[in-house]
Structure formats: C-alpha cells, structure tokens
Amino acid sequence: MDMLTHALNYASSGYSVLPIKANSKTPLIVYSNRPPLTKTEIEEYWTKYPNANIALKTTDFFVMDIDTKEAHGTDGMKSYKRLPKGAVIPTQTQRTASGGLQLFYRKPKNADIKQIIGFKPGIDIKAHENNYVLVPPSRTSKGKYEWITGLKMVEPTPFLIELISNHHSQQINAQNGAYQRSIEHKKWTGALLDKLVEGAPEGQRNDFLTRLCGQLLYTKADDRTVWELLNFANNHNQPPLGQQEVRKIMTSILKRELSKYE
C-alpha cells in the first residue's frame, strides 16, 4: 500500500492529515489553523511528494509521548510505570522511530486537555490543536513508526484527566508565584529552554521567534535543529504563526549571520 492510500485511509477515519518531508518530521505545507485537507488536496500533495511521511494533527485526540533513555536521555518508561494505578488504560498505541511509545486518547468533550512538555520525566502530553504526530508507515533516519496494538482509540480515565489538569494548575500557580522551585542563578541554557515553551500572544510572535532564532543559532546548533526547535516554540504561540512566516524568520536571521563572515 503506497503512502497516498494510507493518507486517504487516515483522512476517511476522521483525522486531519499532514504531508511531512520524507524521512523527517518537517511539514511540507503551512498547517497552523487550517481546516483538514480534502481528498483532492491529499491526492495532490502525495502525488507531488509520493514518499512524504504522514502526520495527524492532535485536534480531536491527544498523545502521551513516552521517551526512551537511549534516545532522549530520560527514561520515560520508568516514569510511566510510576503513574498511579488505574490512571492509564489500554488504547491505540504506536512505537516511534526512536523506540519510544505514544498512547493515543480521544479528547473528551467536557474536558480541556492542555499540552504539557514535561508532564513527567521523559513523558510529554501532546494536545495542542496545531501540534502533530507522525504515524505508520512513516519513518525517519532513526527508524519506522508502527502500531503495536490492535486496539481502538479510547477516552482517558477521569483519573488521568485529573492528573493532567492538576499539573497544568501547578504550572499556572508557579507563574503566579504560588508554587515556585527556588532557582537563584538560572543558567543561560536554562533560560533559553524556558523560552521554547513560553510562547507569545498575537502581535508579539514575530519578534519573539526572531530573538529566539538568533539565540538558538548562537549556540552553534545545526540549522536543522534550530528549525525543529523554532517550530516547536511556535506551537506554543497563541495562535501559532503559519509555517511560511516561520521559514521567513529563520531565513532572515540566517542571512544576517552569514553576512558577518563576508
């Protein structure tokens, strides 16, 4: 079965499908705040990019993303096993290219599921309506994505919803000073990492991403790494900028940096 057929199958099941650059996680189109692709659009994109990976926007579902120590340095499975008994129930699950697990849950209509980076050590909750996850038969340089259960996607337990909601409340309280870890001298790297999940409101997004891009390039990270992190940070903007605008920002900053060596 070719990628086009897989993409059409996902779309016919009600998912919002995105074409992703082959062997990567980079979107091929501007996707923020746009409606799901139509059958005609899907056929057009995958005819133009027949080997494009497939991603699903986390619009009506969220994902519990569990990292491995080998791939990300933190043992998410250890954290997963420590979750309270009864919080997590079996659901549609895939193994990621890096060997981690992603558990898919439908968003309950009466619950506001927030995106949480660092829900537990090695575990993220991916839930923003403009976020996305790659799905089988997509693959990257690290490996392939594959479903490991034949289960259907189910709604989370009220217990898990409560854990997510309470964690989000702690984050809000922390910002208001009610719950704050004592950090006397935050390192520059720590402040930069904080900005990746800080986000900016409409009217400040371009300036925010421009400054962030310059700081990321200053670290001497690869351009691809900077691009991925810039898109990650953009997903926390309210609302996120379009992909084309993010690309223009990074291109502009790259040109500015290169001019220093001319």
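Do we find that ILE253 is out of contact with any helix residue (DSSP H, G or I) (no Cβ under 7 Å at 6 or more places or on another chain), surrounded by 17 or more Cβ atoms within 10 Å (Cβ to Cβ), at pLDDT 85 or above and under 28 Å from ASN33 (Cβ atoms) in this structure?
Spelling it out, it is not the case that ILE253 is out of contact with any helix residue (DSSP H, G or I) (no Cβ under 7 Å at 6 or more places or on another chain), surrounded by 17 or more Cβ atoms within 10 Å (Cβ to Cβ), at pLDDT 85 or above and under 28 Å from ASN33 (Cβ atoms).
Residues in the range 57-79 that are touching a residue at least 60 places away in the same chain (Cβ under 8 Å), assigned to a strand (DSSP E or B) and over 17 Å from PHE232 (Cβ atoms): how many?
The qualifying residues number 2.
Just wondering, is there one or more residues in the range 126-149 that are more than 19 Å from HIS236 (Cα to Cα), modelled with pLDDT under 95 and of a type in the set (Asp, Glu)?
no
Go through the range 228-242 and give me each residue that's surrounded by fewer than 18 Cβ atoms within 10 Å (Cβ to Cβ) and assigned to a helix (DSSP H, G or I). Working first, answer last.
Filtering the range 228-242 down to residues surrounded by fewer than 18 Cβ atoms within 10 Å (Cβ to Cβ) leaves 228, 232, 238-239, 242.
Answer for the range 228-242, where residues must be surrounded by fewer than 18 Cβ atoms within 10 Å (Cβ to Cβ) and assigned to a helix (DSSP H, G or I): GLU228, PHE232.
Go through the range 1-20 residue by residue and tally those that are free of Cβ contacts under 8 Å to residues at least 60 places away in the same chain, touching a strand residue (DSSP E or B) at 6+ places or on another chain (Cβ under 6 Å) and outside any helix (DSSP H, G or I).
Residues meeting the conditions: 2.
Find all pairs meeting these conditions: Cβ atoms under 6 angstrom apart; at least six residues apart or on different chains; first residue within the range 211-234 and farther than 15 Å from ARG247 by Cα and without any contact (Cβ under 8 Å) to a residue 40 or more places away in the chain; second residue of a type in the set (A, V, I, L, M) and in a helix (DSSP H, G or I).
GLN215/LEU192
So, of the residues in the range 10-33 that are polar (S, T, N, Q) and within 13 Å of THR58 (Cα to Cα), which turns out to be surrounded by the fewest Cβ atoms within 10 Å (Cβ to Cβ)?
Applying the first criterion (polar (S, T, N, Q)) to the range 10-33 yields 12-13, 16, 23-24, 26, 32-33.
Cutting the leftovers down to within 13 Å of THR58 (Cα to Cα) gives us 16, 32-33.
Working: SER16: 19, SER32: 20, ASN33: 11.
Among those residues, the one meeting the criterion is ASN33.
Before we move on, is ILE42 buried (at least 19 other Cβ atoms within 10 Å of the Cβ), within 27 Å of THR225 (Cα to Cα) and either at pLDDT below 95 or of a type in the set (Val, Ile, Thr) (or both)? Break it down into steps so the answer makes sense when it comes.
Working: buried (at least 19 other Cβ atoms within 10 Å of the Cβ): yes; within 27 Å of THR225 (Cα to Cα): no; either at pLDDT below 95 or of a type in the set (Val, Ile, Thr) (or both): yes.
Criteria not met by ILE42.
Out of curiosity, is GLU245 closer than 16 Å to ARG34 by Cα, in a helix (DSSP H, G or I), touching a helix residue (DSSP H, G or I) at 6+ places or on another chain (Cβ under 8 Å) and in contact (Cβ under 8 Å) with a residue 12 or more places away in the chain?
So GLU245 fits the description; yes.
Take the residues in the range 94-111 that are assigned to a loop (DSSP other than H, G, I, E, B) and touching a residue at least 12 places away in the same chain (Cβ under 8 Å), then tell me which one is surrounded by the most Cβ atoms within 10 Å (Cβ to Cβ).
THR96
The values are calculated or read from the model by the stated rules, or taken from the named source; none is laboratory data. Just so you know, these numbers come straight off a predicted model, no measurement behind them. Positions of Cβ are backbone-derived with ideal geometry, glycine not excepted, and every protein chain shown enters the neighbour counts.
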